[in-house]
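I have placed the structure first, in the form of structure tokens, so that the comments after it can refer back to it.
The values are calculated or read from the model by the stated rules, or taken from the named source; none is laboratory data. Everything quoted here is computed from the prediction, not taken from an experiment. Cβ placement follows ideal geometry from the backbone for every residue including glycine, while neighbour counts extend to all protein chains displayed. With ligands, DNA and RNA removed, areas are computed over all heavy atoms of the protein, side chains included. Shrake-Rupley method; radii C 1.70, N 1.55, O 1.52, S 1.80 Å.
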Amino acid sequence: MRSSAMRVVVGGGTGFVGRALTQLLRSRGHQVTHVSRRGGKDRISWEELSRSGLPPCDAVVNLAGENVLNPFRRWGDAFCREVTSSRVETTKTLAKAIAAAEQPPRAWVLVTGVGYYRPSPTAEYTEDSPGGDFDFFSRLVSSWEAAALIPGSPTRGVVVRSGVVLGRDGGAISQMLLPFRLGLGGPMGSGLQPFPWIHIQDLSGILCHALETESVQGILNGVAPSSPGTSNGSFAQELAAALGRPALLPVPAWAVRAVFGAERAVMLLEGQRVLPKRTLESGYHFIFPELPAALKDIVA
């Protein structure tokens, strides 16, 4: 269903996912205003938003968040606070602006993560599965999603819990391509851990679908339908095959912990089998349901 043109405000719209979403929304005739650190053409600053409130709009999306896996940042209290505030505080700011708007937007969409679900080699999770209270990341997702709630609001709320986003110009793959192109890529740790993934075109597509479809609300899992069957090892093999290279060199778990710190290393050394059950039921059709085609598109 193609809805009429909307005015969409996007927090964190200049980042990796934000750029892809903006392009898709504009191609479908929607207007996009970004909220970022500084104002400018088609954008307002977070400070301006707090001071003057939400510009007139039909929908709001929040994608803001410091890159958790930035290998150049040491994992410690200061970085944890930054990771939390870049997600929770920006979400609170937008939720507050929505609640105060004279003409509230029709839709409010937040992207969080599958880190909400407890890592397990065997358990499979749908949007109704419990989680959210066993480590730093699961608690972060809980407080992030709680910050988006606007009691009594007429605005339709959607939360998309995203897996590892695969795309050409950012995200996980940008850091992996060089070692894999050099034939130095391989699985991390045992390689048996589940690897919940989604192509950036599908994550943008789900967000656009959530904005345009009045009946969509609540939690959607942003992972590809075949992702529950993808392990870290099979991902490494497929990426190497797409590049025409071997994937022979596993990265030992101790090395991953040394670079990222034990708490963050969990995101790479353990994983969740996540099913996009409600996403499919909502009528979204995946462009890249299978990993080989998704990787071929990215590295071509």
Legend entry - Estimated distance in nm for a label pair at ALA99 and ASP42, the labels positioned 7 Å out from Cα along Cα-to-Cβ: 3.1 nm
Inset, instruction - Kindly list the residues of segment 147-182 that lie in the label zone of LEU249, defined by a backbone N under 13 Å from the point 7 Å along the Cα-to-C-beta vector. - result: 177-182
Legend entry - Residue among VAL159, VAL256, VAL88 with the largest mean-square fluctuation in a Gaussian network model of the chain, springs linking Cα atoms under 10 Å: VAL256
Inset, instruction - Only Lys, Arg, Asp and Glu count, each charged at its Cβ (+1, +1, -1, -1), so figure out the dipole size of the chain about its Cα centre, rounded to 20 debye. - result: 640 debye
Legend entry - Charge dipole (segment 79-138, unit charges on Cβ, about Cα centre) - positive-most of PRO121, PHE136, ILE98: ILE98
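Only helical DSSP H runs with n ≥ 4 go in: add -39500 (n - 2.57) per run for the chain, normalise by residue count and round the 222 nm mean residue ellipticity to 500 deg cm²/dmol.
Computed ellipticity for the chain at 222 nm equals -12000 deg cm²/dmol.
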Inset, instruction - Only Cα pairs under 8 Å and at least 6 apart count here; give the relative contact order of the chain as a rounded whole percent. - result: 20 percent
Legend entry - Signed unit charges on C-beta, dipole axis of the chain, positive-most listed residue GLN23, VAL165, SER204: GLN23
Inset, instruction - Working from Cα positions, state the angle (0 to 90°, nearest 10) between the long axis of helix 136-147 and the longest principal axis of the chain. - result: 20 degrees
Inset, instruction - Can you tell me the FRET efficiency between THR126 and GLU263 if r is taken as the Cβ-Cβ distance and R0 is 30 Å, rounded to the nearest 0.05? - result: 0.70
Legend entry - Alpha-carbon radius of gyration plus Dmax, which is the widest Cα pair, for segment 153-224 in Å: 16.0, 53
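Take the Cα atoms of segment 184-270, build their convex hull, and give its volume per residue in Å³.
116 Å³
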Legend entry - Normalised alpha carbon radius of gyration of segment 57-132 [divisor 2.2 N^0.38 Å]: 1.39
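Kindly state, to the nearest 0.05, the FRET efficiency for ARG81 paired with ALA241, given R0 = 41 Å and r defined as their beta-carbon distance.
Numbers: r = 41 Å, r/R0 = 0.99.
Computed FRET efficiency for ARG81 and ALA241 comes out at 0.50.
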Legend entry - Debye-sum result for the chain in log10 I(q)/I(0), which assumes one identical scatterer on each alpha carbon, at q = 0.08, 0.09, 0.11, 0.12 Å⁻¹: -0.34, -0.43, -0.64, -0.77
Inset, instruction - Quote the Stokes-Einstein diffusion coefficient, in whole µm² s⁻¹, for segment 1-65, based on the Kirkwood radius over alpha carbon pairs, a temperature of 4 °C and a viscosity of 1.567 mPa s. - result: 109 µm²/s
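Can you give the charge dipole size of segment 152-300 about its Cα centre, rounded to the nearest 20 debye, using +1 on the beta carbon of Lys and Arg and -1 on the beta carbon of Asp and Glu?
Values: 11 positive and 10 negative charges, 59 e Å.
It comes to approximately 280 debye.
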Inset, instruction - Can you pull the one-decimal nm distance between simple spin-label points at PHE136 and MET176, each 7 Å off the Cα toward Cβ? - result: 2.3 nm
Legend entry - Nearby lysines by direct alpha-carbon distance to LYS92 (threshold 27 angstrom, same-chain neighbours under 8 apart not counted): LYS41
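Compute the Kirkwood hydrodynamic radius of segment 21-166, taking the inverse of the mean of 1/r over all pairs of distinct Cα atoms, and give it in Å to one decimal. Write down the numbers at each step before the final one.
Details: mean 1/r = 0.0601 Å⁻¹.
This gives a value of 16.6 Å.
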Legend entry - Beta bridges by DSSP in the chain, antiparallel share as percent, to the nearest 5: 10 percent
Inset, instruction - Putting +1 on Lys and Arg Cβ atoms and -1 on Asp and Glu Cβ atoms, find which of GLN272, ALA300, GLY229 reaches farthest to the positive end of the dipole of the chain. - result: ALA300
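Quote the FRET efficiency, to the nearest 0.05, computed for ALA5 versus LEU69 with a Förster distance R0 of 51 Å and r equal to the Cβ-Cβ distance. Please list the in-between numbers first.
On the way: r = 36 Å, r/R0 = 0.71.
Efficiency for this residue pair is about 0.90.
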Inset, instruction - Report, in whole Å, the centroid distance computed from the Cα atoms of segment 204-250 and segment 83-158. - result: 20 Å
Legend entry - Surface accessible to a 1.4 Å probe, per residue, for the residues of segment 240-300, Å²: 54 Å²
